Amino acid sequence: MAEAEEASDEAPKKRSKKPLLFGLVAAVLLGGGGFFAAYSGLLPFGGTAGGHAAVEIEPLPEVDFVPIAPLVISLGPESRNRHLRFAAELEVPKNFTVEVTGMMPRVVDVLNGYLRAVDTHQFDEPGALIRLRAQMLRRVQIVLGEARVRDLLITEFVLN
């Protein structure tokens, strides 16, 4: 009797892999057929029949980029970096370009005052540049008007 138990332990019956293989082939074929039917427009949902829906591309807004003169700001004795070099451009609708260019000394003054007032430890924080950019944009929009300035693009921000 012990021999019969040992024989059954040694040779367990192996399962057939055919059902798994047939299932996998069927899944691939059904998936491919479904994709083809949806892609070609044979199904009533998923877009227009016989092709793709046309995508309307909006034209880019007519804007100018007005450069802000590069600023070099001394950060103070407690900072391990001694200077900040900052340059940016303002995204302005074309009809306000001349007005914004004429007010550029006031913009430089506001940005210079703000950057000098920023605590130097904020420069080391992970999201510092994003917060600083938002604060500077808001200050420029207060000076020039929200309709005149769409965005502030920082082109140079170097601590040395």
Restricting attention to the range 129-160, which residues are assigned to a loop (DSSP other than H, G, I, E, B) and farther than 22 Å from GLU99 by Cα? ASN160
Within the range 62-69, identify whether any single residue is without any contact (Cβ under 8 Å) to a residue 12 or more places away in the chain and either at positive phi or in the same structural domain as THR155 (by TED's automatic domain parsing) (or both), and answer yes or no. no
Here are LEU71, LEU43: which of them is among the aliphatic types (A, V, I, L, M) and modelled with pLDDT of 80 or more? LEU71
Those residues of the range 112-128 that are loosely packed, with under 13 Cβ neighbours inside 10 Å, within 22 Å of the chain's Cα centre (by Cα) and not in a loop (DSSP other than H, G, I, E, B) come to a total of 1
Conditions first: (1) over 23 Å from the mean Cα position of the chain (by Cα); (2) farther than 30 Å from PHE36 by Cβ; (3) among the hydrophobic types (A, V, I, L, M, F, W, C). ALA54 passes all but one, so which condition is the exception? (2)
Name, by its number, the condition in (1) at pLDDT 85 or above; (2) under 30 Å from VAL118 (Cβ atoms) that does not hold for LEU30. (2)
Return yes when ARG139 is at pLDDT below 95 and either basic (Lys, Arg) or over 27 Å from ARG82 (Cβ atoms) (or both) and no when it is not. no
Considering the range 76-104, residues that are part of a loop (DSSP other than H, G, I, E, B) and in contact (Cβ under 8 Å) with a residue 60 or more places away in the chain, and then whichever is surrounded by the fewest Cβ atoms within 10 Å (Cβ to Cβ), we arrive at ARG82
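The values are calculated or read from the model by the stated rules, or taken from the named source; none is laboratory data. A quick note: this is a predicted structure, and the numbers were derived from the prediction, not measured. Every residue, glycine among them, receives a Cβ derived from its backbone with ideal geometry; neighbour counts consider all protein chains shown.
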